[in-house]
Amino acid sequence: MSHPLNPFPSCRIEATQLACLRGFNSLFEGLSLTVSSGNTIHVTGANGSGKTSLLRILCGLSLAETGQINWNGNNIQSVSSEYRANLSYLGHKPALKPDLTAYENLVSAAATGNRALREADSTATEYLRLLGVVHTRDRLCRQLSAGQKQRIAVARVVMSDAPMWILDEPGTSLDTEGMELLSSLMRRHIERNGLIIFTSHHGFDLPIDRLDRICLDST
């Protein structure tokens with residue numbers, strides 16, 4: 001794995017006074033948050049409270065009704081290319097191409113993220129091994145179980161080497177071993193000076209002094 005212990009440069013995301021509407025319904029309003037390097041935020045709330053909508057807004061995939069998001073002091077709209085290069089997003093679905101193998105999915109994702117093909121080729125198998133699914137390397141993703149697909153999706157996030165992870169229910173379909181592995185990877189990312197924003201109904205073993213929570217039920 002390339003430079004697994006090198007710390008990321010310091011970074012910071014700051015959202016101020018975000019509001020989100022779905023139809024005529026207000027999911028949340030007046031929401032502000034700040035996350036800097038080496039820290040994480042756990043977004044909680046009931047189903048339909050806007051957790052996924054918030055993550056998509058933070059990724060720049062959806063627009064907030066009001067409010068602003070800054071990355072290192074700059075509006076993400078004005079530094080969109082830099083922002084995307086520093087972000088890895090895992091949504092509700094693994095976002096794997098079913099007719100590509102696990103290995104091909106990782107290499108394809110790395111190429112899309114502008115990682116050198118030679119580097120992606122040499123590390124994809126290592127990340128599959130790291131996530132405990134190296135035996136799926138040459139199998140089509142449509143043939144894999146939900147848990148295997150989720151592990152490969154997590155491998156894609158880790159392999160991106162992006163300092164910011166935005167994860168929507170990353171423990172979906174993972175067994176106990178998979179959850180423990182995901183927790184260790186999240187801890188390692190924080191120790192490397194990365195930052196994480198995530199939703200989850202599961203608990204993760206993360207440093208309390210580096211973890212904040214936002215409950216959308218109360219916004």
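What follows is calculated from the coordinates using simple rules that are stated; it is not laboratory data. These numbers were taken from a predicted model, which means no experiment stands behind them. Virtual Cβ from ideal backbone geometry, glycine too; neighbours counted across all protein chains shown.
Before moving on, here are some points about what is shown:
- Selected from L106, L54, L21 as most flexible by GNM, with the chain as the system and alpha-carbon contacts under 10 Å: L21
- Rounded Å value of the spacing that divides the Cα centres of region 176-205 and region 1-66: 17 Å
- Stokes-Einstein, applied to the Kirkwood radius of region 95-161 over Cα pairs at a viscosity of 1.306 mPa s and 10 °C, places its translational diffusion at 141 µm² s⁻¹.
- Between V79 and L100, residue separation times 0.36 nm minus the direct Cα-Cα distance comes to 4.3 nm.
- Of N86, N72, N47, the one that fluctuates the most in a GNM where the chain has Cα springs shorter than 10 Å: N47
- Spacing of the two label points (7 Å from each Cα toward its C-beta) at A111 and L140, in nm: 1.9 nm
- Ranked list, fewest to most other Cβ atoms within 10 Å of each Cβ, for W71, W165: W71, W165
- By the beta-carbon count within 10 Å of each Cβ, the least crowded to most crowded order of C215, C20, C141, fewest first, is C215, C141, C20.
- Extension reserve of the D205-L21 stretch, reckoned as 0.36 nm per residue once the Cα distance is removed: 62.9 nm
- Dividing the helix sum by the residues of the chain, where each DSSP H run of 4 or more adds -39500 (n - 2.57), gives a mean residue ellipticity at 222 nm of -10000 deg cm²/dmol.
- Comparing H201, H135, H189 in a Gaussian network model of the chain, where Cα atoms under 10 Å apart are tied by springs, the biggest mean-square fluctuation is seen for H135.
- Kirkwood-based Rg to Rh ratio, the chain, C-alpha trace: 0.96
- Prolate/oblate/rounded label for region 173-219 (Cα gyration tensor, a/c 1.5): oblate
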